[in-house]
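Only one structure is covered here, and it is reproduced in the block below.
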Amino acid sequence: MYVYLEPMGGFNDMLGAIYWAINYCNSTKRILLLNTMSSHYKFNFSDFFYFKNLNIICDFNEIKKIFENKNLTIYPNELSSSINNIINNNEYANYFDWTKNGWIHKDTKILMNGPTTFPCNKDVIIIIKNQGGPYGVEMFKHLYFKPNIIDYCVNIQSKLQRPYLGIHIRNTDLKSDYHKLYNDHKQHFNKFKCIYIATDDKNVITYFKSKNPNIFNFITFPDKNYYNLHGNYNIDNNEKLKELILDIYIITMADAFLSNSTGGYNNIMRNSFRNISCINKFKYIIY
């Protein structure tokens, strides 16, 4: 018996939804089918991450094979005839609308976030969920990165001279007073051989480079205006995910960390820097 989840929103929102679904699966003895191909990032989760000791199938190809079984019973019942369309569709907006109460199926008007309990007599329970909150940090503790992702992060981070300062500034959908951050901590900027700024706003990089030439950032920014970095702009989705992970890795490995930003992704940054056990995520682990 399965729970099929399409987590929506930014990276922290997705992790929060996964955390919620895992708890539900544990309590009902179900296997989580995690499909991130319909997320903002449109990536196959198993290409980047894996879990240890959790009952999750996160390879999109394996999930599709499970749904080849035409005898599976589906909740909500109304989606039984369209499950293959949902599975094979990379544009979730064709099927679901976002409301203040959660994701609603366009045709059936069913709330896909679902109630707190579900009927347990169905083979598959379908959830489209946006979670966020502190749960993203909790789920991040269970994530491990594939060796090719670790190699990518290590190779790029090697371009930074130690000691280096890591800074996170979110300044698109959520704003930060980064001028104040600089003015309040001017003394720190001269103590480090280089400064890495993880940010979603290229104007932040321009500002800090005007103050200090030793500013680094390895992220690809859109040419046109954008609402946030995880939106559907014209940048390769796999590269977008790799760069997101790279920012977390570089901040985790920094000698010091500064930020006055808010939001769930910032919480992941702070938790990773403070928690030395997160470094184990970036080592090769036999699995």
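The values are calculated or read from the model by the stated rules, or taken from the named source; none is laboratory data. Being a predicted model, the structure only gives us computed values, none of them experimental. Heads up, the Cβs are rebuilt from the backbone with ideal geometry, glycines too, and the neighbour counts pull from every protein chain shown. Accessible surface is based on the protein model in full, side chains and every heavy atom, while ligands, DNA and RNA are left aside. Shrake-Rupley method; radii C 1.70, N 1.55, O 1.52, S 1.80 Å.
Within the stretch 153-168, the set of residues being within 18 Å of Phe189 (Cα to Cα) and part of a loop (DSSP other than H, G, I, E, B) comprises Leu160, Gln161, Arg162, Pro163. Annotation note: of Asn61, Asn53, the sole residue that is without any contact (Cβ under 8 Å) to a residue 12 or more places away in the chain and either assigned to a helix (DSSP H, G or I) or open to solvent by 10 Å² or more (accessible area, probe 1.4 Å) (or both) is Asn53.
Inspect the stretch 68-75 for any residue being at pLDDT 80 or above and open to solvent by less than 50 Å² (accessible area, probe 1.4 Å) and give the result as yes or no. Checked the stretch 68-75: at least one residue is at pLDDT 80 or above and open to solvent by less than 50 Å² (accessible area, probe 1.4 Å).
Gln187 meets each of the listed conditions (1) loosely packed, with under 13 Cβ neighbours inside 10 Å; (2) assigned to a loop (DSSP other than H, G, I, E, B) apart from (2).
Restricting attention to the stretch 10-34, which residues are of a type in the set (S, T, N, Q) and under 23 Å from Asn228 (Cα atoms)?
Across the stretch 10-34, the qualifying residue is only Asn12.
Among the residues of the stretch 155-183, just one is among the β-branched types (Val, Ile, Thr) and modelled with pLDDT under 95, namely Thr172.
Restricting Tyr207, Tyr182, Tyr227 to those that are assigned to a loop (DSSP other than H, G, I, E, B) and either open to solvent by 80 Å² or more (accessible area, probe 1.4 Å) or over 27 Å from Leu143 (Cα atoms) (or both) reduces the list to Tyr227. Taken over the stretch 150-182, residues that are within 16 Å of Ile279 (Cβ to Cβ) and touching a helix residue (DSSP H, G or I) at 6+ places or on another chain (Cβ under 6 Å) amount to 4. When you scan the stretch 239-260, do you find a residue that is under 16 Å from Gln157 (Cα atoms), among the acidic types (Asp, Glu), in contact with a helix residue (DSSP H, G or I) (Cβ under 9 Å, 6 or more places away or on another chain) and modelled with pLDDT of 85 or more, even just one? Checked against the condition, which is being under 16 Å from Gln157 (Cα atoms), among the acidic types (Asp, Glu), in contact with a helix residue (DSSP H, G or I) (Cβ under 9 Å, 6 or more places away or on another chain) and modelled with pLDDT of 85 or more, the stretch 239-260 yields at least one hit.
Checking Asp151, Asp177 one by one, the residue that is among the acidic types (Asp, Glu), out of contact with any strand residue (DSSP E or B) (no Cβ under 7 Å at 6 or more places or on another chain) and without any contact (Cβ under 8 Å) to a residue 40 or more places away in the chain is Asp151 and no other. Please enumerate the residues belonging to the stretch 1-46 that are in a strand (DSSP E or B), of a type in the set (A, V, I, L, M) and open to solvent by less than 10 Å² (accessible area, probe 1.4 Å). Matches in the stretch 1-46: Val3, Leu5, Leu32, Leu33, Leu34.
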